[in-house]
Amino acid sequence: MSARRLAGLAEIGVDRGLLATCLLISAIGVQGPRAQDAGASNTGDDAPDVRVEVHRPAELYDGYLFWHRTDEIGADFENYSVLVDNEGNVVHRWETDISGGGVSAYVLEGGRILRMGGGMEDAVPGTALVGVPQATIVQIADPRGDVVWEVRPGDLGIDRFHHDMVPMPNGNILILTYTMVTADEATAMGWNLEGVAMALSDGIVEVRPNFEDGSAEVVWEWHFHDHIIQDRDPEAPNYGIVADHPERIDPHFPQSYAPGDQIRQHLNGIDYNPELDQIVVSSFIYDEIWIVDHSTTLEEAAGSTGGRSGRGGDLLFRYGNPAAYDMGTPDDHVFAKQHDSNWIDDGLPGAGNLLIFNNNIQFGPGVGGMDMGAMGATALRAQRQMQGVSNVHELRLQPAVDGRYPREPGQPFAAEQAWFWEDPAFFAPFQGGARRLPNGNTLMSDTVNAYAREVNADGNTVAEYFGSAPTYKTFKYSRELVADLL
């Protein structure tokens, strides 16, 4: 952060050090009585890390389940990661010195692990900015869990990492970020913070690790606040008709952000498509997924021209809630507080399609509607009373040769529904994800209920996985990828 911006925060009474340490914890929920509640009770000292129940053995994907244990609301779960076989036996364990709260991890080639979390020394009790899972460290560790490379946001001049990241084929890492924007800075963009001294502007940073000297380099970045359209003040920057510019984002949607007024976009998932050279992110508050062009330069990513698409860093595609760009009503909602939008990898059934894990939480605008500051085991029990039905969408898109997504004039962006899954007994109020497996099954994660389910293409349950601690997203890796760990 620049000296000018630090001074600005100080002038309005916002201590940057306090803000930085405040972004450690978020409230998450778990469902009420359901079939998967057995996972929530599988938390005693003698409980296995993951208990497996196989219902259709002949249809089970023969891989290894990765369970990165998290403890997002201080319910006293120990943080480490395990790889288990189809019988629930732990075949490998990675130790860690960071918390896993509400953030992701991935197994890399050679048995290394990419993970993000909070350093224990960074936590300050009683200073949580609610609703903001985020991280103070991103690490790559060896098969034992020993750190071989790590980076903190401050090392890169970034205010905060949060929620999710994804490894890229070139060895770089895409990480979601927060930039602290003061009211004055926002006003200069045409963004009215409506009495709030500071808001968080979501973004993406691409980091290149250097394993020889332990350094990290930012090679690309994208920020929400560079792609605004507002219709409130004709004299302010970025003024225009929102519906005429679906490629840009209205910073004043929705009408209220209470109770987490600093949180305005709340990106909670990221994925990368190397064939298209595009990035997809999920916005919890806008109830949308957004696709942006990664083929841009740093300068182009901040503007509206350049890159393969010629659109710079403006949105190439958005889907889930056309009301967010004045092309629909609340009845046109497809998603509600969704997570983990990701492209199905080449070689897998449905390759090139998008999977979206739709939590389908039904409460008020912004983040509100419940006590987002609740913490600990008592909060877990209370949040389990939430009711609902989550679902998974598989969308088939048809980008043009230049990577753009055709849209009928005057109509919202559209997508073909290639597959849909829903079960009245499955509800994940917060976080979670869905991933396609090589045999065509789909693996779904229900984070704080410590539960995952594998279903076949017909939607039938193949296996259930009951963890002894929550996990943000689960994966099943092939024997070939994890051979060094077996």
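Nothing in this text is a laboratory measurement; each read-out follows from the coordinates by a stated rule. This is a predicted model, so every value here is computed, not measured. Here the Cβ is made from the backbone with ideal geometry for all residues, glycine too, and neighbour counts use every protein chain on show.
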Given backbone amide H placed at 1.01 Å from N, residues whose amide H is under 5 Å from that of Gln338, ignoring those fewer than 5 places away on the same chain, are Asn359, Asn360
Of 61-67, 316-322, 85-91, 306-312, ordering from highest average Cβ density within 10 Å down gives 316-322, 61-67, 306-312, 85-91
In order over segment 178-193: 3J(HN,Hα) from phi, Karplus 6.51/-1.76/1.60, θ = phi - 60°, whole Hz, x for each Gly or Pro, gives 10, 10, 7, 10, 6, 4, 5, 5, 5, 4, 5, 9, x, 9, 8, 7
Share of Cα-Cα pairs in segment 133-252 beyond 17 Å, whole percent, is 62
Once Arg396 and Glu416 are pulled to full extension, the length gained, defined as 0.36 nm per residue separation minus their Cα-Cα distance, is 6.7 nm
GluC sites (Glu not before Pro) in segment 179-273 lying in a DSSP loop, each with at most 13 other Cβ atoms within 10 Å of its Cβ, come to Glu194, Glu212, Glu235
Karplus ³J(HN,Hα) for segment 421-436 (6.51 cos²θ - 1.76 cosθ + 1.60, θ = phi - 60°; Hz, whole; x = Gly/Pro) runs 10, 7, 9, x, 8, 10, 9, 10, x, 9, 6, x, x, 9, 9, 7
